[in-house]
Every structure is written in C-alpha cells, then in structure tokens.
Amino acid sequence: MPTVLNFDDLDNLIEGAAFMGSGGGGPLPLARTLLATMKQQGMTPTLVEWGELPANYRVATTAGIGSPNAAESVKSPFTIAPKRMIEALEAALGYSIECLIPGETGPMNSLIPMMAAAQLGKPVLNGDGAGRAMSTLAMSTFNAVAPIQPYLLGNETTTQNDQVTANLTVHTPQQADALTRGIVSEASFGSSGAFATWPSTVGALEKVAVQGSVGQAMDVGRLLKQVRALGADPVPALQQYFGSRMRCLYSGKLTQVDSHTAQGFDITQVRMASDGQPGLTLYALNESMMAWRDDLAHPLAVGPDSLCWVTEDGVPFSNASLNDYLSPTAPTLHLIGLSAVPQLLTPSILAAYRAALLPMGYPGPYQPLSYWEEAEHGRH
C-alpha cells in the first residue's frame, strides 16, 4: 500500500540519509529548514513500492546540485526550483511525469523530491540511483536505462524576474556535469541550483535502481535516534543493522579541515587524530571519496564504497558541517565504511569514480573494503 509519510518519517529520512550519504547529499541543517517549511505548509508526500505502480508509469528525478556550502546560504532552500524544473521537463517532453524518484541518498536530495512531489501531487518511488550521494551525474545507475536529456537546470529564487532556466542539449552525463558546474558558478545561481532529468518508466528503472533506499534511510535515522535516547555509542547498533557490509574505519577527533569551492564542488581534505594511533586523511569532492591512514601504503576505502560520519553519541552529519566538529570539546567521531551496493559496481560507474579519485592522488582500481582490510593485515 502507498504510505503517506508524516513529519517523523521525513525527519528519520534526513537523519539516516545524512549518515548514508557518504558526506554529501546536502547539509542536514538545511534539510531541517526545508522540512520545517513542509510542515508549515502541510506537505505530506506519498511513498510507493515498486510493485505498486504500473511498469509504464513515467518517472523522473529532481535534485539540488552544486556546492553544499553555498546551498546553506540560500534563504529559501529549494522550495521553488525543483518543482519548477519538473514542470519545465514535462513541457520539454510534451507529457506528464507520473511519479518522482530521488537521484541519490542524502539529507537534501532525499527530501527535495519529496517536497516537489507533494507540491505536484505525485508519488515518490522507494529507491534512488546510487544508495549514497554521488559527486557527478556519471555515477548514477539511471544512466544505464534513462537518457540524460531533456536536462533542465534552474536557480533557486523567490523573485520571478530573477528565475533562470537552462534546457541543456547533452548526450552524456559527463557533458551535463561540465555544463552544470559552469552554469551554477554564475552569479545568478550562486554555486548551487536544481535540475530535473532521467525521464524513464518504472519498469525500466526497476532494473537498475537501488530499491528500498528511502525506507532504509528512514530505518537508520530511527535507529540513531534510539541510540541517542539510550546514551549509547552508535557503532554496535549500526554494525548489527548493516552486518558484514559495514566496518568502523577510524575513531578520533578532527584536527584540520581544508575546503574550497571550485566549479560547483566543495573540494575538501580532512585530518583526524586519535591518541596513540596513526593519523588519517579523508578526501572529498562534495562527497567523501577516499580515506588513507598514515601508516599504510594503501587506502582504507575508496568510492563507490561510502565513508559515513557519526558522532560517538549518535549524531550523523555531512561534510558541510565538518567545521562544527573542529573544537577541542567536540565529540569523538566515527568514520564508518559501507560497501557499495552491487548496482554501482559496473564498468561505467567505476570509471566515473576513478576519474574523481585520480586528481586526489589515487590512480588505482576500485577494491572493496574487505580487500583493503586483508591488505592491512598482510593477506595480499
């Protein structure tokens, strides 16, 4: 049965998505602002499972894109542009989109399609195209079955005369990314915007989507709240939930965060330390992409495996909030590794992650968390 999500469900969603987003998908505080707007306006989206809609139902994605740090400065965070982009996509296609699906898992980009769907009276499919947040459009599973055009890109503004919409004629996600990053860097966008694309059908997306990811994020958010209520460390509860898919890679304090915004990306390098232990460096392109401990000749994890943040008292957060944890009195942080979902382990998606990792100093192939763990103990 379709499920009308209440505001507790949506709050659980953005909490769980903040953990599962591998540091990306938009800032959790901004998602709370968006959720407050939804609550104020009584917007209650409907979540549907894959077997509950006809295979020929038309579906598309809308999401925020650009710098998460820049997005936090938007006064009216993504309450207008996503809906506007879906309407522009429908106009370009010449037919109506019947349901929406998140493009990725992250605090903002799990919630943005929920708001747009509620505004438009459309349901939302329980799934996405990554099972985590992704740095580039080429990292989406949707590319295997859905075209990247029409591709509609717009800015977020409440003033109609300031609204800018671009209908990009592109043939590959790489082209869409390159043009998008340039456009959102313009002053009228302020390094962030919203897009709509990947028009498809439920039946086509069913073959490649990460099904159930919205429900899983809600489960994780609920679990973290239970952990906090008990005053417990979250790692054992998360380990029980994720099983062999999860490894706690490092526990320590942040000592340095270097971040700058370029071409719509937040490019970040983070240092962590723990008493008596080697330090750790994390590299991010919006999303966390690689972790490397000082005493090892190889990384601890690389994308598309996820690198997820949670505090010792069970608070998840994204890379946009890293500076909040630089204080000497900040809690200990856990860096959690989650193995990539199988849908991401295709040649084209692995190539997209490799292209992102290369400028960070890692030219090698993807290897799963288990491989690096065995290498650490000399079993390779």
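The values are calculated or read from the model by the stated rules, or taken from the named source; none is laboratory data. Computed from a predicted structure; not experimentally measured. Positions of Cβ are backbone-derived with ideal geometry, glycine not excepted, and every protein chain shown enters the neighbour counts. Surface areas here come from the heavy atoms of the whole protein model, side chains and all, with no ligands, DNA or RNA. Shrake-Rupley method; radii C 1.70, N 1.55, O 1.52, S 1.80 Å.
Odds and ends about this structure:
- Rounded to the nearest 20 debye, dipole of segment 165-283 from Cβ charges on Lys, Arg, Asp, Glu: 340 debye
- About the centre of its Cα atoms, the chain shows a dipole size close to 280 debye [charges on the beta carbon of Lys, Arg (+1) and Asp, Glu (-1) only; nearest 20 debye].
- Among (1) 94, 46, 40; (2) 61, 43, 39; (3) 72, 44, 39, the entry derived from the coordinates for Cα extents along the principal axes in Å: (2)
- The Cβ shell under 10 Å around MET1 holds other residues with a net charge of -2, Lys and Arg each +1, Asp and Glu each -1.
- Amide H contacts of GLU98: ARG58, VAL59, each under 5 Å away and 5 or more positions distant or on a separate chain (H built 1.01 Å from N in the peptide plane; Pro and chain starts excluded).
- Whole-percent carbon and sulfur share, accessible surface of the chain, 1.4 Å: 51 percent
- Couplings for segment 250-255, taken from phi via the Karplus curve 6.51 cos²θ - 1.76 cosθ + 1.60 with θ = phi - 60°, read 6, 10, x, 10, 6, 10 Hz in order; Gly and Pro are left as x.
- Exceedance of the 22 Å cut-off in Cα-Cα distance is limited, within the set LYS39/LYS225; LYS83/LYS207; LYS39/LYS207, to LYS83/LYS207; LYS39/LYS207.
- Accessible solvent surface per residue of segment 223-347, calculated while the other protein chains remain in place, 1.4 angstrom probe, Å²: 40 Å²
- Phi-derived couplings, Karplus 6.51 cos²θ - 1.76 cosθ + 1.60 at θ = phi - 60°, listed residue by residue for segment 360-372: 7, x, 10, x, x, x, 5, 9, x, 3, 4, 5, 5 Hz, with x used for Gly and Pro.
- Taking amide hydrogens as placed 1.01 Å from N in the peptide plane, the amide H of MET289 sits under 5 Å from those of TYR283, ALA284, each at least 5 positions away in sequence or on another chain.
- Sequence-distant residues sharing a close amide H with TYR250 (under 5 Å, placed H): LEU335
- Highest average first, the peptides 301-313, 322-334, 9-21 ordered by how many other beta carbon atoms sit within 10 Å of their residues are 9-21, 301-313, 322-334.
- Remark: segment 280-293, residue by residue, has Karplus-estimated 3J(HN,Hα) of 9, 10, 10, 10, 9, 10, 6, 7, 5, 10, 7, 10, 9, 8 Hz, where x stands for each Gly or Pro and the curve is 6.51 cos²θ - 1.76 cosθ + 1.60 at θ = phi - 60°.
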